[in-house]
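Here the structure comes first, spelled out in structure tokens, and everything after it is commentary.
What follows draws every value from the coordinates through simple rules; no lab data is involved. A quick note: this is a predicted structure, and the numbers were derived from the prediction, not measured. Don't worry about glycine lacking a Cβ; one is built from the backbone with ideal geometry, like all the others, and counts go over all protein chains shown.
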Amino acid sequence: MLLELKDICKSYPQGKEMVPVLRNINLNVEKGEYVAIMGPSGSGKTTLMNIIGCLDRPTSGSYHLDGQDLLHYKDREMSGVRLNSIGFVFQSFYLMPKETAMENVCLPLLYAGIGKRRRREIAREALERVGLGERIHYKPSQLSGGQCQRVAIARAISNKPKILLADEPTGALDSKSGAQIMELFQTLHEEGVTIIMITHDAKIAKHAQRTIRILDGQIVEEAAVDAGEARETAQEAARELSKPEKTAREAAKKASVPGEPAGKVLQDAAPAKSPVLQAKQDKAADSFRTMKGQEEHAKDTKQKGPESEIIRSWSAKRH
Ligand SMILES: Nc1ncnc2c1ncn2[C@@H]1O[C@H](COP(=O)(O)OP(=O)(O)O)[C@@H](O)[C@H]1O
Ligand SMILES: [Mg+2]
């Protein structure tokens, strides 16, 4: 078992009282699994992710990661676990705005003490893996939302983490860019990366093998995605990606529907809108969602600077 959470509780002080946010969470995740965590806003998803990602500690309960009992780890050891075992992807990307894609991916490797030449090699490879090999010297302002999230994913996988943790990875993206991110996650999953993805979007959750639902800090049900749901997801993905057609075919194929040839899925997919209309809609949705997403996230995390969360994930200082 890669990840074992037993009776995890987390409370926050509010006035004189302790308010429970997570209540007796029991969760096991195997190596290579792709798990979605769903639940309404305020149900405790981010709190759970912060505990899984060693950004926060539970009030009680135990947590084993790859056989290590993390309960008594000191802050410095916890930050070592974060650097070496966990890759983070957040809704608002948290890229350094003045740095290029390459420099952004290099940053955690710098924190990990890897030399400059090797850092650049690893970063280039990771950016190629997410399809941004041609844009390594672009800054975030020169990239679309979807491309920024791909830089963030390259950064998250550059240290070959045991787990990729994603908190609403498509929350700030238009549906087409979101579909591309899900396609990338599917590829990483097929390559053996363990993924835990938080979302409140059922369509996004369907990409995972297993969905865990949280309500008021408790796990209320666990559902495996059945073949029917997987087929719907594949059709959806094909629709989202129907331009160019080749990409859609690849997406449909990747969505791996049991007993369904990819061709059938494509036939079922709706025809594309006019490219001009689609581009306009995407652009409008993109800017709206990015603004909205960032606002929500800022409210959510009560963050100080836009990059604070990701920096925190590498450094021992602010823990
Ligand atoms: N640092 C904190 N201090 C006090 N309360 C918090 C803190 N972090 C989260 N909470 C509270 O815990 C609950 C769950 O929050 P969160 O895990 O962010 O939910 P979700 O990610 O599902 O929207 C919310 O009611 C939130 O206000
Ligand atoms: Mg949250």
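Loop-located GluC sites (Glu not before Pro) in region 13-81 (DSSP state not H, G, I, E or B) with no more than 14 neighbouring Cβ atoms inside 10 Å: E30.
Summing Lys and Arg as +1 and Asp and Glu as -1 over all other residues whose Cβ lies under 10 Å from the Cβ of S85 gives a net charge of +2. Legend: residue pairs K10/K206; K45/K162; K45/K98, Cα-Cα distance threshold 23 Å; pairs beyond threshold, K10/K206; K45/K98. Modelled this way, with points 7 Å down the Cα-to-C-beta line, the labels at A202 and N84 are 4.3 nm from one another.
The distance separating the Cα centre of region 1-31 from that of region 83-113 comes to 27 Å.
Given +1 at the Cβ of Lys and Arg, -1 at the Cβ of Asp and Glu and no other charges, the dipole of region 3-225 around its Cα centre is 720 debye to the nearest 20. Modelled spin labels at E134 and E77, positioned 7 Å past Cα toward Cβ, are 4.8 nm from each other. Can you tell me how region 3-225 classifies by the Cα gyration tensor, rounded, prolate or oblate, using a/c under 1.5 as the rounded cut? Because a/c hits 1.5 or more and a/b exceeds b/c, region 3-225 counts as prolate. A simple count of charges around S43, restricted to other residues whose Cβ falls under 10 Å of its Cβ and scoring Lys, Arg +1 and Asp, Glu -1, yields +1.
Modelled spin labels at N28 and Q14, positioned 7 Å past Cα toward Cβ, are 3.4 nm from each other. As a rough guide to protection, the peptides 169-175, 51-57 ranked by mean Cβ packing within 10 Å, highest first, stand as 169-175, 51-57.
Expressed to the nearest 5 percent, the antiparallel share of DSSP beta bridges inside region 3-225 is 55 percent. Charged neighbours of D216, selected by a Cβ distance under 13 Å, balance to +4 (K, R count +1; D, E count -1).
For the pair D56 and A223 in one chain, pulling the backbone fully straight at 0.36 nm per residue adds 57.4 nm over the alpha carbon distance. Extension gain, R118 to Q68: 0.36 nm times the residue separation minus the Cα-Cα distance gives 15.2 nm.
Given their separation in residues at 0.36 nm each and the Cα-Cα distance between them, K160 and D7 gain 52.2 nm when the chain is fully extended.
Applying both filters, DSSP loop and at most 14 other Cβ atoms within 10 Å, to the GluC sites (Glu not before Pro) of region 158-199 gives E191.
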